[in-house]
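Below: the structure, in C-alpha cells.
None of the figures in this text is laboratory data; all of them are computed from the coordinates on show. Values in this document were obtained by computation on a predicted structure and should not be read as measured data. Positions of Cβ are generated from backbone atoms using ideal geometry, with glycine treated the same way; all protein chains shown enter the neighbour counts.
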Amino acid sequence: MTSPPLGFRETVLLGLAGLVSFIGLWSFLSVSGIVPAQFLPGPLDVASRFVHLLTAPFAGATLPAHLASSFQRYAYGVLLAAAIGVPLGLLMGFFRLLDDIVTPIFDGLRFIAPIAWVPFAALWFGTGVGGPIMIIFAGAFPPCLINAYRGARFVEPRLIEAARMLGTPSSRMILEVLLPAAVPSIIAGLRVSAGLGWQSLVGAELIVAAAGVGFMMVQAQGSVQTPTVMAGMIAIGLVGMLIDVLLRQGEGWLRRRRGLDS
Amino acid sequence: MASVASRRTLIGGMTVIGLVVLWFGLTTFTGLVTGARFPSPAEFWLSLKQINGRGYAGSTLASHAFHSLKLVLMGFTVAVLTGVPLGLWMGWNRRVEAFINPVFLIIRPIPPLAWIPLAILWLGLGDAAKILVIWFSAFVPSVINAFTGVRNIDKPILEAARMLGTPRLRMVREVILPASLPMIFTGLRLSLQASWTTLVAAELVGALVGVGFVLNMAQQDIYPGMILVGMVTVGILGWVTTLLLARVERRALAWNVAARD
Amino acid sequence: MGSISFRNVDKVFGHGTGGVKALDDINLDIADKEFVAIVGPSGCGKTTCLRMVAGFEAASAGSVLVNGRPVTAPGPDRAVVFQQFALFPWKTVRENIELGLRNKNLPVGERNDLVASALKLMNLETHVDAFPHQLSGGMQQRVAIARAYVLDPEVLLMDEPFGALDAQTRVVMQEELVRLARHNPRTVLFITHAVEEAVYLADRVAIMTRRPGRIKEVLDIKAVRERENWDSHARIEDVMDLESFVHLRTHIWKSLREEKGFKDV
C-alpha cells in the first residue's frame with residue numbers, strides 16, 4: 001500500500017527542502033566553477049538579467065515587447081485552430097461521410113511533428129507573422145478537432161434520439177444538441193491545444209522569426225549570453241503557466257456550472 | 001460491423017485517390033500551384049531520387065533518417081529509464097513526491113523546445129545536445145504517467161499483495177510495476193511523440209545531419225520537393241516507431257482487457 | 001489454531017471534532033475452526049471489523065487479537081477474500097494462487113503439490129493458465145478463495161465475497177463454501193449484508209447496529225443446524241425452506257429492521 005497522505009506541515013517543509021536543494025545545487029555548480037559561469041550563470045544572475053530585460057532592449061526589443069509579439073502570433077494561431085478544428089470536429093461527429101473522408105487524411109498527417117511544417121510555413125506565409133502562425137496552428141489544431149469530434153460522436157445517444165423524435169433539423173441538432181453536449185470535451189481539447197500551441201510557437205520562433213521570445217533566445221545563444229537565454233526560458237514558462245491556469249479556471253467554472261464536478 | 005469497416009476502407013481509399021488526383025491536377029496539369037510553392041509529383045520523385053542517389057545535405061536519405069532515429073531512440077531510452085523509475089518512486093513514496101513536486105512544477109511549464117538554445121550553448125550542434133533536449137521532453141510524460149499509474153492502482157490489489165506477505169522487492173517487480181504498466185505505456189507513447197517533435201526542432205535549429213537538417217537545408221535552398229521528402233520521412237519515422245511501441249505494448253499487456261479492445 | 005477476539009474495540013475515522021465513530025465497543029470471540037458471520041446495515045462498520053483483523057486498519061481503542069496476540073500488520077496467516085476478488089490481472093490463475101506460497105519460500109515441489117490440490121479443491125484445473133479477465137466472476141472468486149485456502153491460514157477473512165456475483169452463481173458458491181467449511185473447517189470471519197447467506201453458512205451470526213456499529217446480538221445457528229440436521233440437504237433452497245431456517249432468518253430480519261436507516265440499504 002502507498003503511504004498515507006502527509007500532513008500539511010510535512011508537505012510544505014519537504015517541498016521547501018526540495019526547492020532549496022535545487023537552487024542550492026544550481027548555485028553551487030555555478031559559483032564553484034564546476035560549470036563555467038558563462039554557461040551556467042547562478043540563479044541571481046539570471047534573475048537580475050530577467051529584471052534588466054524588462055526595460056532594456058535585446059535583439060531589437062525589451063522582453064515584454066518580445067513577449068507581446070509572441071503572444072500576438074500565438075493568439076492568432078490558436079484561435080484559427082479552434083475556429084477551424086472545433087466546427088470541423090463537430091461536423092465529423094455528425095456526418096459519417098465527412099468522418100470517413102477526413103479521418104484518413106488526418107491519420108496520415110498525424111505522425112508528422114508540427115514543427116516539421118516550418119519550411120513550408122516559411123515558404124507559403126513568410127517568416128514574419130504568417131509562417132509562425134501556421135506552425136502554431138499545426139500544433140494546436142489536432143486536439144481541437146479530436147476533442148470536438150469525440151464530444152459530438154459520443155453524445156449520449158438518447159439525447160439525439162430525443163431530439164430526432166422532436167423533429168429537430170440537422171443544423172439545429174448540431175448547434176443545440178451536439179455542441180452543448182460536446183462543450184466539456186471541447187474545452188479540455190482547447191486547453192491541450194493552448195499548451196501545444198505555445199510549445200510550437202517557441203519552436204517556430206527559434207527557427208524562423210525576426211521578433212519574439214524565441215528569436216531573442218536564439219540571438220542570445222548566438223552571442224553566448226546564457227543569462228538571457230535562461231531569462232527567456234523563464235518568461236516562456238511563466239506565460240505558459242499563466243495560460244494554463246486561466247484555462248483551467250475557465251474549465252473548472254464551466255464544469256461546475258454544468259454540474260459535472262461538485 | 002464488417003460492412004462499416006469496409007465502407008470506411010472504401011471511402012478512405014477513394015479519399016486518398018482523390019487527393020493524389022488533386023495533387024496532379026493542381027500542379028502538373030493545370031499549374032494552379034506552381035513548383036515554387038508545392039512540388040508536383042514528378043518534382044517530388046526527382047528529389048527523392050536525388051537524395052537517395054548522390055545525396056542531399058551531406059548524405060543519403062537513409063543515413064539522415066538512420067541518424068535521427070538513433071538519436072530519438074537514445075534520448076527516449078534515457079528518458080524512460082530515468083523518468084519511469086522516478087515516477088514510480090514518487091507514486092509509491094509521498095515524501096519523495098512532496099520533495100520533488102515543487103521543483104517539477106517550476107520546470108515543467110518550460111516547453112522542451114525552449115531548452116534547445118541552452119542545450120546548444122552547453123553541448124554544441126552535435127548529438128549530445130539533441131539527446132539532452134529529447135531527454136528533457138520525453139522525461140516529463142514518463143514521470144507523470146508512471147506516477148499516476150502507481151497512484152491509481154486498485155487498493156484491494158495492494159492489500160491482497162500485502163495480505164499474501166509479499167516482500168518489498170517482489171512487491172515492486174510483480175505488483176506495482178505491472179499494475180502501473182498500462183499508464184506507463186500511455187506515458188511512453190506521449191514521450192515518443194515528444195521525442196520526435198523535439199528532435200526535428202533541434203535539427204532545424206542547428207545540426208549537421210538528420211531529417212530536420214534536410215528540412216532546414218531544403219528551406220534555405222527554397223527546394224519544395226526536398227521539403228516534402230523531409231516531411232514524409234518525418235511522418236514515416238514517427239509512424240513506424242509508434243507502431244513498434246504499440247507492438248511492445250500489446251505484448252507486455254496481453255493480460256490487459258482494455259489494451260486488447 | 002486460529003481464534004479471533006475483539007476486546008472493547010472502538011474505531012474512529014478522522015481526527016478531533018471531524019472524527020466519525022464507526023465502531024463502538026465491539027466485543028466478540030471467535031473460537032478456533034468456528035465460522036462466524038457478521039450482518040448489519042450498510043456503513044455499520046462490519047467491513048472495518050474484518051479489515052482490523054486483516055491488519056489493514058488499526059483499532060482506535062481496545063484490541064484485536066488473533067490467537068491471543070494483537071494484530072499489527074497484514075500477513076498470510078490471515079488470508080482475505082475480497083468482494084472485488086482483487087486478483088492480479090497480469091498473473092495467470094496458477095501464478096495468482098502461487099504467489100503467497102512463493103512468499104513463504106516453499107520449495108517448488110511442495111508448491112506445485114499445494115497449488116494442484118487448491119486447483120482441484122475449487123474445480124479450477126481446466127483454467128490453470130487463464131488470465132483473470134478471461135474468467136467469469138464466479139470463477140474469479142474461486143481463484144481468490146483458492147489463493148486464500150492454499151496458504152493454509154489460521155483464519156480466513158471473507159468480505160462480502162459473493163456480493164459482486166449474480167444470483168445463480170452466488171448460490172453455487174455458497175453451496176461450495178458450505179462443503180469446504182464442513183469438510184475442511186477453518187476459523188472464518190464472514191461479512192455480508194445478505195441475511196440468508198449468513199444463516200446458511202455460519203455457525204454463529206453477529207448482528208450489528210447502525211453507525212456507530214455495535215454488536216447487538218449473536219445467534220447460535222450451529223445448534224439449530226445440527227439439531228434440525230440441515231446438512232442432510234444438499235441444496236440451499238431445501239435448507240432455506242426449513243421452518244427452523246425461516247424462523248432464524250425472520251428473527252434477524254426483524255432485528256435489523258429495528259435499526260433506523262435499514263430501509264436506506
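So here's what we get for this one:
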| item | result |
| --- | --- |
| Loop chymotrypsin sites (Phe, Trp or Tyr not before Pro), segment C:9-59, which have at most 13 other Cβ atoms in a 10 Å radius of their Cβ (DSSP) | none |
| Mean-position separation - Cα centroids, segment C:90-110 and segment C:206-265, in angstrom | 38 |
| Projected area averaged over orientations for chain C, convex hull of C-alpha atoms, nm² | 14.7 |
| Residues B:3, C:244 arranged by fewest to most Cβ contacts within 10 Å | B:3, C:244 |
| Size-normalised alpha-carbon gyration radius of chain A, reference 2.2 N^0.38 Å | 1.26 |
| Segment B:37-168: radius of gyration over Cα atoms, expressed as a fraction of 2.2 N^0.38 Å | 1.55 |
| Per-residue mean of C-beta atoms belonging to partner chains within 10 Å, peptide A:15-22 | 5 |
| Gaussian network model of chain B, Cα within-10 Å springs - most flexible of B:232, B:211, B:20 | B:20 |
| Average projected area [Cα convex hull, segment C:115-265], square nanometres | 10.0 |
| For the protein assembly as shown, share of DSSP beta bridges that run antiparallel, in % to the nearest 5 | 50 |
| Helix A:8-31 vs. chain A, principal-axis angle (Cα, 0 to 90°, nearest 10) | 50 |
| Computed over segment A:149-239: relative contact order in percent, which uses C-alpha pairs under 8 Å that are six or more apart | 19 |
| Ellipsoid semi-axes in whole angstrom, largest first, where each is sqrt(5λ) of the Cα gyration tensor of segment B:39-260 | 40, 20, 12 |
| Gaussian network model of chain C, Cα within-10 Å springs - most flexible of C:118, C:223, C:22 | C:223 |
| Partners for residue B:130 among lysines (Cα-Cα distance below 24 Å; same-chain residues under 8 apart left out) | B:70 |
| For the protein assembly as shown, the spread of Cα positions along each principal axis, largest first, Å | 100, 68, 56 |
| Whole-angstrom gap from segment C:1-22 to segment C:134-177, using each part's C-alpha centre | 27 |
| Gap separating the Cα centres of segment B:50-114 and segment B:193-244, nearest whole Å | 16 |
| Percent RCO, i.e. relative contact order, over chain A, from Cα pairs under 8 Å lying at least 6 residues apart | 24 |
| Proximal charge balance of residue B:35 [Cβ under 15 Å; K/R count +1, D/E count -1] | -1 |
| Net charge, residue B:101 excluded, C-beta distance under 14 Å - Lys, Arg +1, Asp, Glu -1 | +2 |
| Of B:40, B:137, B:191, the one that fluctuates the most in a GNM where chain B has Cα springs shorter than 10 Å | B:40 |
| Calculated over segment A:135-196: convex hull of Cα atoms, volume per residue (Å³) | 66 |
| Relative contact order (%) - criterion: Cα under 8 Å, at least six apart; region: segment C:113-265 | 17 |
| Listed residue pairs exceeding 21 Å between alpha carbons, taken from C:11/C:222; C:46/C:254; C:21/C:216; C:33/C:222; C:46/C:91; B:155/C:91 | C:11/C:222; C:46/C:91 |
